[in-house]
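Asker: The structure that follows is given in the form of structure tokens.
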Amino acid sequence: MRPIFLWLLVLVGLFWLTGLLSMRQDLAWKKVIAPHLREYVIKKGSERTKYLMQLLFALALSCGILGLAGPTWKRVEVPGQELETPVVILLDLSQSMMATDLQPTRLERAKFKINDLVKHNPQARVALVGFAGTAHTIVPLTRDYEIITSHVDGLTPAVMPFPGSDLEAAFAMADSVMGVTTAPGTVLVMSDDLDEDAFDAIQAFVQSNAGKVALLPMATDAGAEVPMPHSKAFFKDSNGNVVHSSLDRQILSQLASLDRVSVHELTLDDSDVELISKAISDNLMFTEKPEEKDDEWRDMGLLLVIPMALLLLLWFRKGWVMYSFLLLVFSSCTDGSRFADLWYTEDYQGQKLSDRGDFAQAAQRFEDPMRRGVANFKAGNYADAIADFQQDTTAQGAYNLGLAYFQSGDTLGAMLAFQDAATLDPDFAPAAQANQLMKQIPRGEDSMTPQAAEETDDGDQGKQAQNKQNDSMEDLSGGGQEATKKDMETSRNEETVTSDIHMGKELDEVPDDITATKQPMSDKMLMRKVDDDPALFLQKKFEYQVKKSKLKPKADGKKW
């Protein structure tokens, strides 16, 4: 597995020859020293023993080097893994979050904390839920944190259909979002309105769910007046007094006493969210996918440690204990965590990173362009994935290239790639099916997506992943849907394809899993996207959900 280490055998040969030459220098003294004095002057032990020790030393070093080289003759099936742990961020979007006791406002500080959290990479699937008088999913569960950061910036209380702060509705939405898995997750609450009603809602959630709740109060002990929207005036209660919102330490103490509930103090730096991120990443859960197995070569270098250790024991001399210890340490018996380049190939290191969900780093480690293309695709680097997949001229390669073009928004490139895949291998069913579906696009059928994606590293094994299609562009917040950047862009972007005779819309969704020859792009096609304001889109989407589901805020709900 690491043949470059075999060059060290040349050094072993040089050491052995040097040892033999040093012993032959003793023979020159025999001509000038009397025979009866030789054993006291130059002879130390028998000549046979010295030659044997040199041979054992060379053999021990050779065993260690062969162990480092990673001999292997057996493949093992490794089941695939899927990340299950969900994290839901409940962001309070009530009017009280516009108070200025936290600069510039409580809401802006909460946005900063969300951005800091995803920068620390909790490695879990994260969803974002906004709540006021009602609760709505802003971003479903996703591994692409850029989707979350792109939607956070434009959030204001104005996007919510009703005023108020209904934390109970927010937890109900969180429970729906996390319902796609049985793995316990974490709900991160960012709110300034933590009162007795909030205590009851949090207590009810932890009693009925196995997940954890982390609280990050977005208020101070001094508090501040709650400003009215689009006005310099402040809210007043039923008695005519200006509403003053502040932190309730008694409620926080009661919340901290609950099982599986942690209260975090807001800090000026990112140490608070760093602690939350570490707690999440330390408790990740994966499920094995036996139907998605991969063959890996098993490193058998560990077996060579046994003969090396025995030879070193036979060769043992006073003063050489430390050298023996170093030889054992720098052999394949170590796990390679500190010297990864010594123990593992680049592709093996990349696979380890990919198994942990760190696809961007994995793409930098892979030497195999196909594996690198898969990692780039899953990391959302579609341009790099296309460049990697272009190196494969098989039908599977063309099919995977089509998926990469499609995900990047190049519908025409995807269509041509699927056609090429179907031409190269007419029996390749996924390519033929995708080609047929893509042909329907010019007739105005905008919901056609490939139904299966095949992930192959060597062209022999395929994996199929089913796609899900939304019934409505507005309703993208279903609890069981996992977001990709393409999903969120599709919900507010329309791609117009103009040719001599056809008009078509952008496809809704593309499969996540792939492995991937570049098709020339027609100069008769023009691709154009029109971006809407994300906040305006969310406002319209929430209004649609309220109308569709007939949602209403609590009758006794607050106006702030």
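Asker: In the stretch 110-144, which residue that is open to solvent by 30 Å² or more (accessible area, probe 1.4 Å) and assigned to a helix (DSSP H, G or I) is farthest from Lys559 (Cα to Cα)?
Answerer: Lys119
Asker: Considering (1) modelled with pLDDT under 90; (2) more than 25 Å from Ala224 (Cα to Cα); (3) out of contact with any Phe, Trp or Tyr (no Cβ under 9 Å at 6 or more places or on another chain), say which one Thr137 fails and leave the rest.
Answerer: (1)
Asker: Which one of the conditions (1) more than 27 Å from the chain's Cα centre (by Cα); (2) part of a strand (DSSP E or B) does Asp101 fail to meet, given that it meets all the rest?
Answerer: (2)
Asker: Here's another thing I want to ask about it. Checking Arg356 against (1) over 27 Å from Arg143 (Cβ atoms); (2) open to solvent by 60 Å² or more (accessible area, probe 1.4 Å); (3) at pLDDT 70 or above, only one condition comes out false. Which one?
Answerer: With respect to (1) over 27 Å from Arg143 (Cβ atoms); (2) open to solvent by 60 Å² or more (accessible area, probe 1.4 Å); (3) at pLDDT 70 or above, Arg356 is out only on (1).
Asker: Give, as residue ranges, the strands (runs of 3 or more DSSP E) completely inside the stretch 180-269 that count at least 1 residues that are open to solvent by 30 Å² or more (accessible area, probe 1.4 Å).
Answerer: 212-215, 261-263
One line per residue, one yes/no per condition, for (1) of a type outside the set (A, V, I, L, M, F, W, C); (2) open to solvent by 50 Å² or more (accessible area, probe 1.4 Å); (3) at pLDDT below 80:
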position: Thr49; (1), (2), (3): yes, yes, yes
position: Leu55; (1), (2), (3): no, yes, no
position: Leu59; (1), (2), (3): no, yes, no
position: Cys63; (1), (2), (3): no, no, no
position: Gly67; (1), (2), (3): yes, no, no
position: Trp73; (1), (2), (3): no, yes, no
position: Val76; (1), (2), (3): no, no, yes
position: Pro79; (1), (2), (3): yes, no, yes
position: Thr85; (1), (2), (3): yes, no, no
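Asker: Consider Ile89 carefully, then state whether it is assigned to a helix (DSSP H, G or I), modelled with pLDDT of 90 or more and within 23 Å of the chain's Cα centre (by Cα).
Answerer: Criteria not met by Ile89.
Asker: Could you grab me the full set of residues in the stretch 385-404 that are in a helix (DSSP H, G or I), open to solvent by 20 Å² or more (accessible area, probe 1.4 Å) and not hydrophobic (A, V, I, L, M, F, W, C)?
Answerer: Hit for the stretch 385-404 is Gln396, nothing else.
The values are calculated or read from the model by the stated rules, or taken from the named source; none is laboratory data. The model shown is predicted, which means the values in this text are computed figures rather than measured ones. Methodologically, a virtual Cβ is constructed for each residue, glycine included, from the backbone with ideal geometry; neighbour enumeration extends over all protein chains shown. The accessibility values were calculated without ligands, DNA or RNA, using every heavy atom of the protein model including side chains. Shrake-Rupley method; radii C 1.70, N 1.55, O 1.52, S 1.80 Å.
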